[in-house]
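The values are calculated or read from the model by the stated rules, or taken from the named source; none is laboratory data. Here the structure is a predicted model, which means the values were calculated and not measured. So basically every Cβ, Gly included, is an ideal-geometry build from the backbone, and we count neighbours across all protein chains shown.
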Amino acid sequence: MAVQWRAGVRAAGVLVALVTTAGLAGCAGQPGAAAVVDGTAIPTADVQAALTELLPYYQGATTTNLLAVLVQEPTVVELAEEKGVGVSDEDAQALLDQVVEQKTPDSTATFTEPSLAVARYSIAYSNLEGLPDAAAMGEEIDTRLRELDIEVNPRFASLEDGFHIAAPAPLPWMVVPQAGSTADDGSTEPAPTPAPTPTAK
């Protein structure tokens, strides 16, 4: 599985964790998309909203693993429903409320749809793992994800094996600053961009 909820925060007896597995550029011709799954865009705004809302409670949250969850959530939730262990929006909200209460007992938090989707994924995946044929459920999720047409914004993530969301690949046009280069005022300056090398014709 590309994203799993294995180790992390235990909230009111429910295991919830973000695996440790942003840009504004569009994806596949859809401006503002962090990913496109079978023609449906996952907006960068959704990933950023989930990150902003969940990061205070899940220190392992990153744009990459949140995007992976948002890509996989409909598939995992659908399978859980088919297997009789579905999850509702009310379940998702209750789980997030438990996490908030555990982390900051005297405060409340408001969560938008992207964060609820992350919580739905967490519950649905945990429910599937609790079935007697959990290994078969993992294989079924992989099979269904492989059938999806997934494109990701390279500033958020990279796509491996057609459906695994991984950390962004280094962009070839980005230059890493040289250590120790300082400006006249003593501040560190990035190294100059190397001049292109001429090629033979």
| message | Can you tell me which residue is nearest to the chain's Cα centre (by Cα) among those in region 84-101 that are surrounded by 15 or more Cβ atoms within 10 Å (Cβ to Cβ) and more than 14 Å from residue 122 (Cβ to Cβ)? | response | 100
| note | Counting only residues that are over 19 Å from residue 40 (Cβ atoms) and more than 19 Å from the chain's Cα centre (by Cα), region 117-176 contains a total of 20
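Residue 107 - would you say it is more than 21 Å from residue 47 (Cα to Cα) and not basic (Lys, Arg)? Quick ask: steps written out before the conclusion?
Values: more than 21 Å from residue 47 (Cα to Cα): yes; not basic (Lys, Arg): yes.
It is true that residue 107 is more than 21 Å from residue 47 (Cα to Cα) and not basic (Lys, Arg).
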| Odd one out for residue 115 among (1) in contact with a helix residue (DSSP H, G or I) (Cβ under 6 Å, 6 or more places away or on another chain); (2) within 25 Å of residue 154 (Cα to Cα); (3) part of a loop (DSSP other than H, G, I, E, B) | (3)
| Out of 160, 90, which single residue is at pLDDT below 95 and either over 18 Å from residue 52 (Cα atoms) or in contact with a Cys (Cβ under 8 Å, 6 or more places away or on another chain) (or both)? | 160
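So that you can scan it fast, the table gives a plain yes or no per residue for (1) surrounded by fewer than 14 Cβ atoms within 10 Å (Cβ to Cβ); (2) not aliphatic (A, V, I, L, M):
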position: 107; (1), (2): yes, yes
position: 112; (1), (2): yes, yes
position: 116; (1), (2): no, no
position: 121; (1), (2): no, yes
position: 124; (1), (2): no, no
position: 130; (1), (2): yes, yes
position: 138; (1), (2): no, yes
position: 150; (1), (2): no, no
